[in-house]
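Read through the structure below, which is laid out as structure tokens, and then see the notes.
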Amino acid sequence: GTTLGSAAARTGRYFGTAVSASKLSDSVYTGILSREFSMITPENEMKIDATEPSQGQFSYANADRIVSQAASQGARMRGHTLAWYSQQPGWMQSMEGSALRQAMLNHITQVASHYRGKIYAWDVVNEAFADGGSGARRDSNLQRTGDDWIEVAFRAARSADPDAKLCYNDYNTDDWNQAKTQAVYRMVQDFKSRGVPIDCVGFQSHFNSNSPVPSNYRTTLQNFADLGVDVQITELDVEGSGTAQANNFRTVTQACTAVARCTGMTTWGIRDTDSWRASATPLLFDGNGQKKEAYTAVLDTLNGG
Ligand code: G3I
């Protein structure tokens, strides 16, 4: 394949990127997007604050523009995200207890129903576990509604869009030996054993010098896949430049292609200047839209080289 999407498709995988609706008028951006990528995740436009800014008032215009772009270029969509402690609209931030639980369920039902049939995979729940060595759930208003909030969210999503793959998505879950990774693993194992509908686990994979690509990354992906779920690399970016950065991207790509149930990977933006942490120059295209050494490493790996 001569593009990321076509090279990934050689082995039945996708290659995606996060997209901002505000950049769809930039022809350099959309040129790379439509040429290279076969999966799109809205960077912010499907989050709770974007889709339900006032309680019961849903707002889909920006997300719908991204869905239209995906359709026009023949790409699929990852939905991000239905339930998260962050980027909640003000009305939700101030809620608790059964009223919040009900509002969360209504949100999931409404948004997943609006996009029914158009989403390959939903990040149903994002970042529900704490960092550090505790292996505990992250404290949040959603968590304080009861430990079962995650499985209830997945059941609501399944009812609203039975054909979408339903994912749990998190960061710092790449190293098999971390307590957070183990805690997510036990949750997925428990869900599978009790028939809670979960189809995939997303590994955000935001890597930098404090959080490098772990040597056991492939083992982590394989161990989760062995629970009977797909795994996806959902928000990949790697701080750095030149050959060192390219080698890290190669390692990540090799890990996905070595795991049969790693169905695809997504970078969290297109050009370095599009990144949420632009100073880290963490993406595959430079600010002018030129392919970086990291791009070539990923492409060659997807092509089996
Ligand atoms: O759109 C407003 C604009 O009107 C306003 O003038 C400006 C002033 O701050 O803010 C703009 O919104 C910002 C938005 O990005 C769009 O640029 C928000 O403040 C800012 O918080 C938001 O940041 C996003 C961040 O999630 C929020 O949590 C990043 O773009 C996005 O890349 C990042 O993505 C997350 C994933 O969802 C979950 N995993 C981690 C990842 C990186 O943090």
Taking Cα atoms, the helix 179-194 axis meets the longest principal axis of the chain at an angle in degrees (rounded to 10) of 60 degrees
With a 1.4 angstrom probe the carbon and sulfur portion of accessible area for the chain, in percent, totals 44 percent
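Please get the size of the charge dipole for region 22-63, origin at its Cα centre, with Cβ charges of +1 on Lys and Arg and -1 on Asp and Glu, quoted in debye to the nearest 20. Write out the running numbers ahead of the final one.
Values: 3 positive and 6 negative charges, 23 e Å.
That gives a dipole near 100 debye.
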Evaluated at 10 °C and 1.306 mPa s, the Stokes-Einstein D of region 93-174 based on the Kirkwood radius over Cα pairs, in µm²/s, stands at 118 µm²/s
Charge dipole of region 21-103 built from unit charges on the beta carbon (Lys, Arg +1; Asp, Glu -1), centred at mean Cα; most positive-end Cα among Thr51, Ala63, Leu100 is Ala63
Taking the alpha-carbon centre of each part, the distance from region 220-253 to region 39-116 in Å is 26 Å
Among Cys262, Val196, Ser215, the residue whose Cα sits farthest towards the positive end of the charge dipole of region 158-272, when +1 is placed on the Cβ of each Lys and Arg and -1 on the Cβ of each Asp and Glu, is Val196
Sorted on mean Cβ neighbours within 10 Å (highest first), peptides 251-262, 207-218 come out as 251-262, 207-218
Yeah, region 141-278 with a ≥ b ≥ c from its alpha-carbon gyration tensor (a/c under 1.5 is rounded, else prolate when a/b outruns b/c, oblate otherwise) is prolate
The size of the Cβ-based charge dipole (Lys, Arg +1; Asp, Glu -1) of region 181-305 about the Cα centre, to the nearest 20 debye, is 240 debye
Along the dipole axis of region 68-196 (charges at Cβ: +1 for Lys and Arg, -1 for Asp and Glu; origin at the Cα centre), the most positive-end residue among Leu142, Val152, Pro89 is Val152
Share of Cα-Cα pairs in the chain beyond 35 Å, whole percent, is 14 percent
For the chain, longest principal axis from Cα atoms; helix 293-302 axis from its Cα atoms; angle between them, nearest 10 degrees, is 80 degrees
Per its Cα gyration tensor (rounded if a/c is under 1.5, else prolate when a/b beats b/c, else oblate), region 62-122 is best filed as prolate
Counting only protein heavy atoms and leaving out ligands, DNA and RNA, the solvent-accessible surface of Glu239 at a 1.4 Å probe, in Å² to the nearest 10, equals 80 Å²
For Lys292, the lysines lying under 22 Å Cα to Cα, once residues fewer than eight places off in the same chain are dropped, come out as Lys23
Using alpha-carbon positions, the gyration tensor of region 250-296 gives root eigenvalues a ≥ b ≥ c; with a/c under 1.5 called rounded, otherwise prolate if a/b exceeds b/c, else oblate, the class is prolate
Applied in sequence order to region 232-240, the curve 6.51 cos²θ - 1.76 cosθ + 1.60 (Karplus, θ = phi - 60°) yields integer Hz couplings, x standing for Gly and Pro, of 9, 9, 9, 9, 5, 8, 9, 4, x
Regression test value, accessible area per residue of the chain, probe 1.4 Å, units Å², expected 38 Å²
Measuring from its Cα centre, the chain shows a charge dipole (+1 at each Lys and Arg Cβ, -1 at each Asp and Glu Cβ) which, in debye to the nearest 20, is 600 debye
Contact order relative to length for region 1-102, counting C-alpha pairs under 8 Å separated by 6 or more residues, stands in percent at 26 percent
One checks the Cα atoms of region 33-141 and finds Rg and Dmax, in Å, of 15.1, 46
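The values are calculated or read from the model by the stated rules, or taken from the named source; none is laboratory data. Since this is a predicted model, take the numbers as computed values, not measurements. Methodologically, a virtual Cβ is constructed for each residue, glycine included, from the backbone with ideal geometry; neighbour enumeration extends over all protein chains shown. Side chains included, ligands, DNA and RNA excluded: accessible areas come from the protein's heavy atoms. Shrake-Rupley method; radii C 1.70, N 1.55, O 1.52, S 1.80 Å.
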